[in-house]
Amino acid sequence: MPLTRRQLVLDGLRVSLLAPLALRARPVPAPEAGERVLVVLQLTGGNDGLNTVVPHRQDAYYRLRPTLALQRSKLHALDDDHGLHPALGALLPVREAGRLTVVHGVGYPDPDRSHFRSLEVWHGADPRGTPRTGWLGRMADRIAERSGGMPALCVDDGELPLALVGERVFAPALPDESSLALAVLPGLAGERDGALTVADGATGDLAFLRAAARASYDAAARLEQALARGTAADYPDSPLARRLRLIARLVTGGFDTRLFHLTLGGFDTHAHQAAAHAALLETLARALAAFEADLAEGGAEGRVLTLVHGEFGRRAAENGSRGTDHGAAAPVLLLGGPGTGGPRGTAPDLDALVDGDVPYTTDFRALYAAIEHDWMGLERTLPIEPFPLR
Amino acid sequence: MSATLRAWRPALGAWDRPAAAHLLRRAGFGASPEELEQALGAGLDATLERLFEDRTPPELDGSIQALLAAESLELLQAWWMARIVAGGAPLRERMTLVWHDLFATSHEKVQDVRLMHGQNELLRRAGLGDFRLLLHGIARDPAMLVWLDGRSNRKGHPNENFAREVLELFALGPGHYDERDVQEAARAFSGWGTEGRSFVHAPEHHDDGPKTILGHQGRFDGVAALDLILAHPACARHVARVLLEAFVAPMPTEEELEGLAGTLLASDWDVGRTLRVLLRSELFFAPRARRARIAAPVECLAAASRALGARVPPRTLARRASAMGQALFRPPSVKGWEGGRAWIHAGHWIARHNALVELARQAAPSRNGFEVLRDVLPEEPPALRAAVERLAREPSSDPAAIAFVLTAPEFHLY
């Protein structure tokens, strides 16, 4: 009989009660596959890849973007041909540490320019079908089968993204630190602990609720401990930074969650893009830099891989409103993980656009396949050759 | 007499405080202390009749136009929460929520509070009547036509979204139809759309060619397709399952499904008449049905605040329900809320705990732990009673004692 979601939730709660409190006390450099963490940060709206990783040697770039092109002298050099947007300066230390990887031209065949549909493609990893589960949810199912726990968390207050929908595992949403902040009353905790461990032979839902309540109070206590941990990392004041800080604290505080999903919105820059896009990238870079520093301080930098992607890039040519419309492929950022440094994949050739769009040179599913197998240590399920992470 | 027949005859067990509280929880959203006393005195039949009444305070309907003008989903959520907590029409609000979970439509995509309110009123108006009318109504409901893309389902460019879900989720369930039925039903529904906020049938977009749906052949339109679906034997069982899971217990037995489907058909699809049989049956009051499922957030909050008489703004309650995983008008998908144990995970349990501690703080001056235990857990589990007694020995311990009762897992079994 297949495991039911209910059993898994119950088993997961049992397991998470037994989970070690101090994973970070273990040696860091060579994490076991079972300790590795994936953070997926979605740039919702479709990030302008050409103004994120700028191909400044290509004349076509300046031709296509008469008002939006970024001057070569202002860019942060990535290699001879590419520079990062000026607002991404906060990521330079991460790059110098060899922990920022740019993968050029990531997309999929027959790109769809609908936000909804393209997100569905990225989340479901099934460009032709109508997926009902997501790639993270399907991994969470398999992690739960193997080791229980709370394998996936949605660090957002919106709807659960399709990416996190599995057949069996229910990925909880934990939008902020306060969502595990416990209201206390004198005398309550003592009686509560007694009532949750009363030996009356309860089974079924009552036993489940008691285990769930114990695990939740335990999680709240662990979060409190994690929050109490002093940190040198100086996070900027943004919702994204607060969510990344929460993830860093969960990871370094011994939570068993392996998959995190969060979003940064506002990238649908159809008009007057320059200032808005720069502000978004600065928010992104500063939050990610603080996150990497925090993980390093907690000794966890070797076991967290962060994937930054949007549902599509934007058109190569700017539109008539000093903005950009929905496009196709775009670079993906990888932070941490095995680490490589330099850019990877084949950079787009702006003289060989397809329907005015940057065609993909790396299928996003090849990245997923590498993450699934090489990073998370799971059996390969995607029918595509993995794109080596290093 | 067979076990099956016995299950449907009127309950003969004691009409005591736990039995009355069970009926008021399941058929409504719990009771105030006064309502519970009244029910105990009045007996099962009178209490059941009371549950069917509609005495919703008129100001709740009076406020709706101004509220919709604000185009705020949060205000609409608060409006429904206020109706639920007011308790004027317990069973009607209960069924509105049951149907919202079945015909799950989310504002997330519809993005129009007037359409969401319109659908909610349809569920309320038709929810205790003829299920066939409800299904026909929901198929033409403008929010549904947006939600499941019915309005872009046109001749030559079929959109199967609604056709698939009506077969899979709303009326039959997997295994009773195939992909061909989905495709052909989609063609039958083509041409149904919206104009402004109203339903419109556009004959030029309707595919009137011959179709085969569930083994029948003809030039079916949407009305005919729905009638074919309703005529399928799995449909009455599907509705019976929804009612049994909401009112009795998860995973109903074959006998229970057959029995209640038979009752539904014998009553000519009348949901109210079917519930009159179900809610006074031995099955409903059987030990297997008591505390047989985990309370949904709205149930948990409404039952607690009604028992405490706490005057919490409905907007706050609606917001708390969202934090606990049940944002009204925003079910996570067309499948509705997963329910059961999926309601509970670390973040959600802590949200429950915090909401109930806050309710306890607000109610404490006028209530104590013993009263609340008797009202919300009339079974008075000995371990909980002993803990309340210990807490009562401490000075000014009422908030902690009330909070203890409300955060005890026993209370979260509905």
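The values are calculated or read from the model by the stated rules, or taken from the named source; none is laboratory data. Because the structure is a prediction, the values reported are computed rather than measured. Cβ sites come from the backbone with ideal geometry, for glycine too, and all protein chains shown count toward neighbours.
Structural remarks
- Residue list for region A:207-216, restricted to those being within 7 Å of another protein chain (Cβ to nearest Cβ) and out of contact with any Gly (no Cβ under 9 Å at 6 or more places or on another chain): A:Phe208, A:Leu209, A:Arg210, A:Ala212, A:Ala213
- Residue check for A:Ala219: closer than 17 Å to A:Val37 by Cβ and facing chain B (nearest Cβ under 9 Å): yes
- Qualifying residue in region B:313-327 (condition: over 27 Å from A:Ala171 (Cβ atoms) and at the interface with chain A (Cβ under 8 Å from one of its Cβ atoms)): no
- Sole exception among (1) buried (at least 24 other Cβ atoms within 10 Å of the Cβ); (2) more than 16 Å from B:Ala321 (Cβ to Cβ); (3) free of Cβ contacts under 8 Å to residues at least 12 places away in the same chain for B:Glu380, by number: (1)
- Counting only residues that are over 20 Å from the mean Cα position of the chain (by Cα), in contact (Cβ under 8 Å) with a residue 12 or more places away in the chain and part of a helix (DSSP H, G or I), region B:264-291 holds 2 of them.
- Unique match (being assigned by TED's automatic domain parsing to the domain that holds B:Arg319, out of contact with any Asp or Glu (no Cβ under 9 Å at 6 or more places or on another chain) and touching a residue at least 24 places away in the same chain (Cβ under 8 Å)) among B:Glu53, B:Glu49: B:Glu53
- Residue within region B:75-95 that is in a helix (DSSP H, G or I) and in contact with a His (Cβ under 7 Å, 6 or more places away or on another chain) present: yes
- Residue list for region A:172-206, restricted to those being facing chain B (nearest Cβ under 9 Å) and touching a residue at least 60 places away in the same chain (Cβ under 8 Å): A:Leu174, A:Pro175
- Among helices (runs of 4 or more DSSP H) entirely within region A:55-135, having at least 1 residues that are surrounded by 14 or more Cβ atoms within 10 Å (Cβ to Cβ) and among the acidic types (Asp, Glu) singles out A:115-124.
- Output for region A:360-385, where each listed residue is surrounded by 18 or more Cβ atoms within 10 Å (Cβ to Cβ) and either touching a residue at least 60 places away in the same chain (Cβ under 8 Å) or part of a loop (DSSP other than H, G, I, E, B) (or both): A:Tyr360, A:Thr362, A:Asp363, A:Phe364, A:Arg365, A:Leu367, A:Tyr368, A:Ile371, A:Glu372, A:Trp375, A:Met376, A:Leu382
- Residue match in region B:158-179 (condition: within 29 Å of the chain's Cα centre (by Cα), assigned to a helix (DSSP H, G or I) and of a type in the set (S, T, N, Q)): yes
- In region B:105-148, the residue that is surrounded by the fewest Cβ atoms within 10 Å (Cβ to Cβ) out of those that are within 21 Å of B:Ser190 (Cα to Cα) and within 14 Å of chain A (Cβ to nearest Cβ) is B:Lys109.
- In the set B:Arg26, B:Arg9, only one residue is out of contact with any strand residue (DSSP E or B) (no Cβ under 8 Å at 6 or more places or on another chain), charged (D, E, K, R) and either surrounded by 15 or more Cβ atoms within 10 Å (Cβ to Cβ) or modelled with pLDDT under 95 (or both); that residue is B:Arg26.
- Of all the residues in region B:211-230, those that are within 13 Å of B:Arg180 (Cα to Cα) and outside any strand (DSSP E or B) number 2.
- Check on A:Leu259, more than 21 Å from A:Pro331 (Cβ to Cβ) and in contact with a Pro (Cβ under 8 Å, 6 or more places away or on another chain): yes
- Considering region A:259-294, and only residues there that are over 19 Å from A:Leu88 (Cα atoms) and modelled with pLDDT of 95 or more, the residue that is surrounded by the most Cβ atoms within 10 Å (Cβ to Cβ) turns out to be A:Phe260.
- Filtered residues of region B:244-275 (kept if surrounded by 19 or more Cβ atoms within 10 Å (Cβ to Cβ), touching a Pro at 6+ places or on another chain (Cβ under 9 Å) and within 18 Å of B:Ala286 (Cα to Cα)): B:Leu244, B:Leu260
- Qualifying residue in region A:75-87 (condition: touching a helix residue (DSSP H, G or I) at 6+ places or on another chain (Cβ under 7 Å) and over 30 Å from A:Glu297 (Cα atoms)): no
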